[in-house]
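One structure, as structure tokens, below. Some questions next.
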Amino acid sequence: MFEFQTIQKPIEDILLKEKGSKFIGFAYPVNSESEIKDSLNHLKSIHPKATHQCYAYRLGINGENYRANDDGEPSGSAGLPIYNQLLAHQITNVLVVVIRYYGGTKLGVGGLVKAYKESAKYTLEQAEIITRELESKIELKFKFSQQNHIFTLLNKYDAKILDFDAQEICIITANIKTSKKESISDELSEMLLEFNFI
């Protein structure tokens, strides 16, 4: 099981109005908690006067790392309905944020649950859901003279090179599909190369 479903690209500014309150939905493909933090801070800077910034996310191939945040709304009335939409769409590595501007009329817990659910649902309906393969990061050390062999090998495994430090002893950091981790490890071991997954 080396695949997961996620969204292809960010979805922003999906507006829902309920009794004068404005609910604005956002969805972001994310790979780490630091990316989540960056997205939340970015939205806070764009919407500093928002009444609430509620969100939920799932990370990991089975969504094992997750969080739902009510940001001051009654407990369970905002973050959980948003999170349930991530489950309903069977996606992971996604952050959904719903920003609320209070419109003067209280919605009650039931009304809030419905509004946050609808906002998250409507936002995710605008997204293209794609299947991604799980990737692992590898670091290789080798002599400069070996670089042609290394690049040939990395190409064979469709590796994405993230960083290349070309010294006498070169260091490459790359992403490879986790499903190919064992095969590339065998080949690198045969070449007596120093490598590790990070």
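The values are calculated or read from the model by the stated rules, or taken from the named source; none is laboratory data. Everything numeric in this text was worked out from a predicted model, so none of it was measured. All Cβ positions, glycine included, derive from the backbone under ideal geometry; neighbour counts span all protein chains shown.
Would you pick out the residues in region 72-119 that are farther than 30 Å from GLU133 by Cα, of a type in the set (A, V, I, L, M) and assigned to a strand (DSSP E or B)? Before you say what the answer is, go through the steps one by one.
Filtering region 72-119 down to residues farther than 30 Å from GLU133 by Cα leaves 72-78, 99-116.
With of a type in the set (A, V, I, L, M) added as a condition, the list becomes 78, 99, 107, 109, 112-113, 115.
Residue satisfying the conditions is ILE99 alone.
Here's something else I'd like to know. From ILE176, ILE198, ILE171, ILE184, which residue is within 20 Å of the chain's Cα centre (by Cα), surrounded by 11 or more Cβ atoms within 10 Å (Cβ to Cβ) and not charged (D, E, K, R)? Walk me through it before giving the result.
Numbers: ILE198 fails: surrounded by 11 or more Cβ atoms within 10 Å (Cβ to Cβ); ILE171 fails: within 20 Å of the chain's Cα centre (by Cα); ILE184 fails: within 20 Å of the chain's Cα centre (by Cα).
Result: ILE176 is the single residue among ILE176, ILE198, ILE171, ILE184 that is within 20 Å of the chain's Cα centre (by Cα), surrounded by 11 or more Cβ atoms within 10 Å (Cβ to Cβ) and not charged (D, E, K, R).
While we're on this one: Would you mind telling me which numbered condition in (1) at pLDDT 90 or above; (2) closer than 30 Å to TYR57 by Cα ILE172 fails?
In the conditions (1) at pLDDT 90 or above; (2) closer than 30 Å to TYR57 by Cα, ILE172 misses (2) alone.
Moving on to the next point. Do we find a residue being assigned by TED's automatic domain parsing to the domain that holds CYS54, touching a residue at least 24 places away in the same chain (Cβ under 8 Å) and at positive phi anywhere in region 89-101? Steps first, answer last, please.
Quick first cut of region 89-101, residues assigned by TED's automatic domain parsing to the domain that holds CYS54 only: 89-101.
Then keep just the ones that are touching a residue at least 24 places away in the same chain (Cβ under 8 Å); that gives 89-101.
With the extra rule that they be at positive phi, the set shrinks to 90, 93.
Yes, the conditions are met somewhere in region 89-101.
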